[in-house]
Amino acid sequence: MARLRNLLLLGGTGEALRLARELYGHGRVRCISSLAGRTESPEKPPGDLRIGGFGGLDGLSEYLATEKIDLVLDATHPFASQMARHAHEACRLLGIPRAKLVRPAWVAAPGDRWSMMPSIAAAAVFLRFHPAQRIFLALGRQDLGAFVPLSEEETRPRWFLTRSIDPPGEGVALPKGEHLLARGPFTPDDEKALMQQHRIDLLVTRNSGGSAAKIAAAAELHLPVLMIERPPLPPGERLDSVGAALSWINLHAV
């Protein structure tokens, strides 16, 4: 009987969770899901699971070799650029097939008021000269510190709405305003009501793709959006759906 192929599924996204469910009990693949551990109570996928970082490129390479990983499917967040680079480099060095599942990016529709920003830092600088006063930062906790100075300006302090699944924790700098604890998914009506309740006049978000509830709400309210562009991806095969990822895995699990 042929040995099961060991697949390392780098997760943390809804697509990775769906993949793990599809692969559970697969006759030719043993799926090991890996989560970074940034969320206190993540929705856990079925099957084998590891939580926490690998310790950089060297640590990931050692793990792949020690666990006899045959395939790597990177289904991390589109902005998890360091993990994507490390996965590419470790698999290149070890000769392990790797693919990146990349959900399609959002595209502005006619009438959308987007300003494209190359980075979080660029968005914070841009806001110094923007008239918006009450801003919804739909960003990760690690990105919020860049906006703290804007909330502390003497002449025109801005008010910020922020949101996360877990409490920010010690050492996480939050701009002045209101911080909500909530877990999605959110509907466009949810997001519209939230923005109206807090009199939001600008949305800052990353082009993560996937659920576009906040984008639809901003469009309906005719709000301007600062859209953070995705970081570049490393070379290698790219897949745009869970179905395409399953086909790639099945192709290599022989």
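Ala75 falls short on exactly one of the conditions (1) open to solvent by less than 30 Å² (accessible area, probe 1.4 Å); (2) modelled with pLDDT under 95; (3) within 16 Å of Glu15 (Cα to Cα), and that condition is (2).
Residues of segment 232-254 that are open to solvent by 30 Å² or more (accessible area, probe 1.4 Å) and assigned to a loop (DSSP other than H, G, I, E, B): Pro232, Leu233, Pro235, Gly236, Asp240, Ser241, Val254. Of all the listed residues (Ile32, Ile69), the sole one being part of a loop (DSSP other than H, G, I, E, B), modelled with pLDDT of 95 or more and open to solvent by less than 20 Å² (accessible area, probe 1.4 Å) is Ile69.
When Arg134, Arg113 are checked against the criterion of being out of contact with any helix residue (DSSP H, G or I) (no Cβ under 6 Å at 6 or more places or on another chain), open to solvent by 70 Å² or more (accessible area, probe 1.4 Å) and farther than 30 Å from Ser61 by Cα, a single residue qualifies: Arg113. Here the condition is being open to solvent by 30 Å² or more (accessible area, probe 1.4 Å) and either more than 18 Å from the chain's Cα centre (by Cα) or among the small types (Gly, Ala, Ser) (or both); of Ala99, Ala121, it holds for Ala121 alone.
Screening Leu181 against (1) surrounded by fewer than 15 Cβ atoms within 10 Å (Cβ to Cβ); (2) of a type outside the set (Lys, Arg); (3) within 18 Å of Ile228 (Cβ to Cβ) leaves a single unmet condition, (3). Ser61 falls short of the stated requirement of being assigned to a strand (DSSP E or B), hydroxyl-bearing (Ser, Thr, Tyr) and at pLDDT 95 or above.
The values are calculated or read from the model by the stated rules, or taken from the named source; none is laboratory data. None of the values given here were measured: they were computed from a predicted structure. For neighbour counting, all protein chains shown are included, and Cβ atoms are generated from backbone atoms with ideal geometry for every residue, glycine included. Just the protein is used for accessible areas: all its heavy atoms, side chains included, with ligands, DNA and RNA removed. Shrake-Rupley method; radii C 1.70, N 1.55, O 1.52, S 1.80 Å.
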